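Values quoted throughout were computed directly from the atomic coordinates according to the rules given, and no laboratory measurement underlies them. Source: prediction; values computed, not measured. Because the Cβ atoms are built from the backbone with ideal geometry, glycine has one as well, and the counts that use them run over all protein chains shown.
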Number of protein chains: 2
Amino acid sequence: MHAAPISRLINELSRLPGVGRRTAQRLAFHILRADDEEAFALADAIREVKEKIGLCEICQNLAEGPRCRICQDEGRDRSVICVVEEPADVIPFERIGEFRGLYHVLGGALSPIDGIDPEHLKIAELLHRAGAEEVREVVLATNPTTTGEATALHIAGQLGGVVIVTRLASGLPVGADLEHADEVTLGRAFSGRRTL
Amino acid sequence: MHAAPISRLINELSRLPGVGRRTAQRLAFHILRADDEEAFALADAIREVKEKIGLCEICQNLAEGPRCRICQDEGRDRSVICVVEEPADVIPFERIGEFRGLYHVLGGALSPIDGIDPEHLKIAELLHRAGAEEVREVVLATNPTTTGEATALHIAGQLGGVVIVTRLASGLPVGADLEHADEVTLGRAFSGRRTL
């Protein structure tokens, strides 16, 4: 029903996460109505990000150039490495501002069912980094999900004895309601209880 | 916190309707993770749609080339013109398949408060078309909103006596949006159109 270029745009927009046909159509009509300048700026930004952004040679996070801003920052503590699954996971840590060490981005989590084995993640790169003399601690900050836990356990096994390996605390989120806590979370919170 | 090309992409994505900072960031990370091929296909589709799609010289709907597919279709009934506000409003009519005439896309609705006066819409083009001998009826299918009603009344006044002027039947809930009308309601409204 649409002219070919419009159908093509709707199809491409539909591939974005959380964008169904309806939303894709709405976005396409917005782009058609928008100034050329605005539309071309979006197209160029997509191209530019793919052309200019690669992986940091140290931490495997997204970087413009060979090293990311955090690894380039002389003020960061090089003795602690916080291991996360995805580049997006670095953002909340930077937002709280409490962590001043470096990161290591795995590029996913272990999931044999989906064919994601250790060699598909940046685990070898992490083991290499953790072997450096300056590294004292590795914080495993993979997600508290089945795959994230499996990944953390696998890495902990590989790093055994080399450095101190820690894991983010699991428990009730601040502001949560005990009555509505799920059993697994509550179990974790109980077994991880601390002396006051 | 992000490298400049990533921030730029997030900013551009945030300008899309219904896309906040959070969603824009999620979409940007998806694009970063996607194959170059997929990302470039999206960028190219945006460029292509702006470069190739213009307005149909007859009905002012979106068209690839000088005339849209509907106006080019010899099988359509040239004696009835269905007047809608936006290109997206043509889609639900085509979906119900009951209407076999041509369209006229105004490019919006009258709204003096927003500075949208008759000369900002494709009303002159409609009056010119309606003056042709073959045209028997003009169906006013602007949205059943204040601005849509005002636009319908204005056009009905201009067309008085020249052709039969009809309006979609009520049955569409007032304040609703034509683009999202369900097909049964829209079919009822269309078959129940009345002379103004």
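Which of B:LEU106, B:LEU159, B:LEU140 moves most in a GNM of chain B, Cα contacts under 10 Å? Highest fluctuation of the listed residues: B:LEU159. Evaluated with a Cβ-only charge set (Lys, Arg +1; Asp, Glu -1), the protein assembly as shown carries a dipole of roughly 500 debye about its Cα centre, given to the nearest 20. Over chain B, one equal point on each Cα, no solvent: what is log10 I(q)/I(0) by the Debye formula at q = 0.10, 0.12, 0.13 Å⁻¹? For chain B at q = 0.10, 0.12, 0.13 Å⁻¹, log10 I(q)/I(0) is -0.53, -0.71, -0.80. The H on the amide N of B:HIS104, modeled in the peptide plane, is under 5 Å from the matching H of B:CYS82, B:VAL83, B:VAL84, each at least 5 residues off or on a different chain.
In terms of overall dimensions, the C-alpha atoms belonging to the stretch A:4-52 reach 31, 24, 19 Å along their principal axes, ordered largest to smallest.
Between the beta carbons of A:GLU51 and A:ARG22, assuming R0 = 35 Å, the FRET efficiency works out to 0.65 to the nearest 0.05. Across the stretch A:23-135, the fraction of Cα-Cα pairs farther apart than 22 Å, rounded to a whole number, is 48%.
Sequentially through the stretch A:139-146, phi angles give Karplus couplings (6.51, -1.76, 1.60; θ = phi - 60°) of 9, 8, 10, 5, 4, x, 10, 4 Hz, Gly and Pro residues having no value and appearing as x. Select from the stretch A:33-110 those GluC sites (Glu not before Pro) which occupy a DSSP coil region and have at most 13 other Cβ atoms within 10 Å, ordered by residue number. Here the sparse-neighbourhood loop sites are A:GLU57, A:GLU74, A:GLU98.
Springs join every pair of Cα atoms under 10 Å in this Gaussian network model of chain A, and among A:VAL83, A:VAL139, A:VAL174 the largest mean-square fluctuation is at A:VAL174. Of the residues A:PRO5, A:PHE40, A:LEU16, the one whose Cα sits farthest toward the positive end of the charge dipole of the stretch A:4-52, with +1 on the Cβ of Lys and Arg and -1 on the Cβ of Asp and Glu, is A:LEU16. The GluC sites (Glu not before Pro) of the stretch A:109-196 meeting both criteria, a DSSP state outside H, G, I, E and B (loop) and at most 12 other C-beta atoms within 10 angstrom of the site's C-beta, are A:GLU133, A:GLU134.
Within the shell defined by Cβ-Cβ distances under 10 Å, the residues around B:TYR103 carry a net charge of -1, with Lys and Arg each +1 and Asp and Glu each -1.
Cross-link partners of B:LYS122 among lysines, defined as those whose alpha carbon lies under 26 angstrom from its own and excluding same-chain residues fewer than eight positions apart: B:LYS50, B:LYS52.
Going toward the positive end of the dipole of chain A, with +1 on Lys and Arg Cβ and -1 on Asp and Glu Cβ, which of A:GLY175, A:LEU102, A:PRO118 do you reach last? Towards the positive end, the residue furthest out is A:GLY175.
The Cα trace of the protein assembly as shown gives Rg and Dmax of 28.7, 93 Å, the first to one decimal, the second as a whole number. The magnitude of the dipole of chain B, with charges of +1 and -1 set on the Cβ of Lys/Arg and Asp/Glu and taken from the Cα centre, is near 380 debye. Projecting 7 Å from Cα along the Cα-to-Cβ direction, the label point of B:GLU119 sits 7.2 nm from its equivalents in the other copies, listed shortest first. Between B:SER191 and A:ARG76, what is the FRET efficiency for a Förster distance of 56 Å, r being their Cβ-Cβ separation, to the nearest 0.05? Calculated transfer efficiency: 0.20.
Applying 0.36 nm per residue to the separation of B:HIS128 and B:GLU37 and subtracting their alpha-carbon distance, the gain on full extension is 28.1 nm.
Amide H contacts of A:ARG167 (H built 1.01 Å from N, in plane; Pro and chain starts excluded): A:LEU140 sit under 5 Å, all sequence-distant by 5 or more or on other chains. Just so you know, the Rg over Rh for the stretch A:76-167 is 0.95, from Cα atoms, with Rh as the Kirkwood radius. For a quick check of your reading of the filter: which trypsin sites (Lys or Arg not before Pro) in the stretch B:110-196 sit in a DSSP loop and have no more than 15 other Cβ atoms within 10 Å? Passing both the DSSP loop test and the Cβ count: B:ARG136. When +1 charges are put on Lys and Arg Cβ atoms and -1 charges on Asp and Glu Cβ atoms, the dipole computed for the stretch B:76-167 relative to its Cα centre reaches about 280 debye.
Residue separation of B:ASN11 and B:ILE96 scaled by 0.36 nm, minus their Cα-Cα distance, works out to 26.8 nm of gained length.
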